[in-house]
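K.L.:
This is the structure I want to talk about, given as structure tokens.
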């Protein structure tokens, strides 16, 4: 028995945006969608379910609705999904029709199924055809994020990755600092890389410096950028010789770290394949180092006529 698909034009004012808070709002995406609507018209219908007449609950298509408002459109073509809101929301998560939801959006919609419709994780997993661990991991994301971080992700001031890897650990250590940082990045958005750098310095700082970083994160990023420019100017001033010495110091640090690790990675009863892989990596690097030694000797000997000194004699 075939199922009839109901598609009709619906006025935007009759749409209930019940799940708008489960979507990430990216301004540039809205503008891009508005340009597409203006140039090509609506290519795909929004998805709704019937509510109190004449209203409909919007399930999917929040980006198109926001773009339509920019374009001044009054109506959009809509696919009226059968069943309840709960079933429609579950179907949206279960069936990927070329629409890739951000992991935060998945978490927020799963939270709606859990809280609004009083469903257990097992029931949600069964409805979606997913393993319960898939549901549990995504619910844990939004459970561990502080409210300010959730708001920062929703307004796209912070990426989902930064929220999970930077703001959540910070919130566990100091909830007030995490909330203050979230509010700051909402006012003055920063990149994911900058937030990761912020957390790295925060871990190393003492209490006084941490407080200063939280009170004025913009000043911290400015000072960090000023230091980078100073370092770049120093490298530029010192030329190729300065870069060579700088890189050699980095190699020295790496070698010292490898020396400290050697006692841990080589041990009795170690598997032959594991040991061979480690020794192969060492042999490849040793070959590169020997090439460097040979190159240095060749160039230094060419410029020191009659000299019998070797690079191996250098301190």
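K.L.:
Taking the highest mean first, how do the peptides 203-216, 47-60 order by number of other beta carbon atoms within 10 angstrom per residue? The partial results should precede the final answer.
P.N.:
Values: 203-216: 12.6, 47-60: 17.6.
Top to bottom by mean Cβ count within 10 Å: 47-60, 203-216.
K.L.:
Continuing with the same structure: In degrees between 0 and 90, to the nearest 10, how far off the longest principal axis of the chain does helix 132-144 point, with axes built from Cα atoms?
P.N.:
Computed tilt is about 80 degrees.
K.L.:
If you don't mind, another one. For residue 206 and residue 38 in the same chain, what is the full-extension length gain: residue separation times 0.36 nm, less their Cα-Cα distance, in nm?
P.N.:
Difference between extended and current length: 55.1 nm.
K.L.:
Follow-up. Which one, 19, 117, 62, has the greatest fluctuation when you compute a Gaussian network model over the chain with C-alpha springs under 10 angstrom?
P.N.:
117
K.L.:
Compute a Gaussian network model of the chain, connecting alpha carbons closer than 10 Å, and tell me which residue from 116, 154, 275 fluctuates the most.
P.N.:
In the Gaussian network model the winner is 275.
K.L.:
Right, something else. To test your reading of the geometry: what angle, between 0 and 90 degrees and rounded to tens, separates the Cα axis of helix 175-187 from the longest principal axis of the chain?
P.N.:
80
K.L.:
Ok, one more. Rounded to whole Å and ordered largest first, report the semi-axes of the equivalent ellipsoid of the chain derived from its Cα gyration tensor (root of 5λ). If you can, show how the numbers build up before the last one.
P.N.:
On the way: eigenvalues 608, 132, 101 Å².
So the equivalent ellipsoid measures 55, 26, 22 Å along its semi-axes.
K.L.:
Kirkwood hydrodynamic radius (Cα pairs, Å) of segment 1-82?
P.N.:
13.1
K.L.:
While we're on this one: Can you pull the three principal axis extents for the Cα set of segment 108-247, in Å, largest first?
P.N.:
Extents along the principal axes: 65, 32, 25 Å.
K.L.:
Taking each pair of different alpha-carbon atoms in segment 189-301 once, compute 1/r for the pair, average those values, and report the inverse of that mean as the Kirkwood hydrodynamic radius in Å to one decimal. Don't skip to the end; give the middle numbers.
P.N.:
Numbers: mean 1/r = 0.0540 Å⁻¹.
About 18.5 Å for segment 189-301.
K.L.:
Shape call for segment 182-233 from the C-alpha gyration tensor, a ≥ b ≥ c root eigenvalues: rounded (a/c under 1.5), prolate (a/b greater than b/c) or oblate? All intermediate terms of the calculation are to be shown ahead of the outcome.
P.N.:
On the way: a/c = 1.73, a/b = 1.20, b/c = 1.44.
Oblate, since a/c reaches 1.5 and b/c is not below a/b.
K.L.:
Starting from the 7 Å offset along Cα-to-Cβ, what nm value, one decimal, do you get for the label separation of residue 230 and residue 286?
P.N.:
Going from the residue 230 label point to the residue 286 one covers 4.2 nm.
K.L.:
Peptides 179-188, 163-172: what's the order by average Cβ count within 10 Å, highest mean first? Don't jump to the answer; show the numbers that get you there.
P.N.:
Numbers: 179-188: 18.0, 163-172: 20.2.
Those peptides, ordered most packed to least, come out 163-172, 179-188.
K.L.:
OK, next. Among 118, 151, 290, determine the one that fluctuates most according to a GNM of the chain built with springs between C-alpha atoms less than 10 Å apart.
P.N.:
Between 118, 151, 290, it is 290 that shows the largest mean-square fluctuation.
K.L.:
Next question. Suppose we keep just the alpha-carbon trace of segment 143-192; what are its Rg and Dmax in angstrom?
P.N.:
9.2, 25
K.L.:
Beta carbons within 10 angstrom, averaged per residue: use that to sort the peptides 223-231, 32-40, highest first.
P.N.:
32-40, 223-231
K.L.:
Taking 45 Å as R0, compute the FRET efficiency from the Cβ-Cβ separation of residue 136 and residue 247 and round it to 0.05. Don't jump to the answer; show the numbers that get you there.
P.N.:
Numbers: r = 46 Å, r/R0 = 1.02.
Once rounded, the FRET efficiency stands at 0.45.
K.L.:
I've got another one for you. Roughly how far apart, in whole Å, are the Cα centres of segment 251-300 and segment 1-65?
P.N.:
When both Cα centres are located, 59 Å separates them.
K.L.:
Once you place label points 7 Å from the Cα toward the Cβ at residue 260 and residue 26, how far apart are they in nm?
P.N.:
Inter-label distance under the simple model: 3.9 nm.
K.L.:
Sequence gap at least 6, Cα distance under 8 Å: using those rules, report the relative contact order of the chain to the nearest whole percent. Intermediate results must be reported in sequence, preceding the final value.
P.N.:
Numbers: 288 pairs, mean separation 36.4, N = 315.
That works out to 12 percent.
K.L.:
Averaging sequence separations of C-alpha pairs under 8 Å and six or more residues apart, then dividing by the length of segment 1-82, give the relative contact order as a whole percent.
P.N.:
Values: 119 pairs, mean separation 38.2, N = 82.
That works out to 47 percent.
K.L.:
For n ≥ 4 DSSP H runs only, could you compute -39500 (n - 2.57) per run for the chain, divide by its residues and tell me the 222 nm figure to the nearest 500?
P.N.:
Working: 13 runs with 198 residues, N = 315.
When only DSSP H runs of four or more count, the value is -20500 deg cm²/dmol.
K.L.:
Calculate how many DSSP beta bridges within the chain are antiparallel, expressed in % of all such bridges and rounded to the nearest 5. Each step should come with its number before you reach the end.
P.N.:
On the way: 10 of 15 bridges.
The antiparallel proportion sits near 65 percent.
Read-outs throughout are calculated quantities, based only on the coordinates presented, and are distinct from any laboratory measurement. Remember, it's a predicted structure, so these values are computed and weren't measured experimentally. No Cβ is skipped: glycine too gets one built from the backbone with ideal geometry, and neighbour counts run over all protein chains shown.
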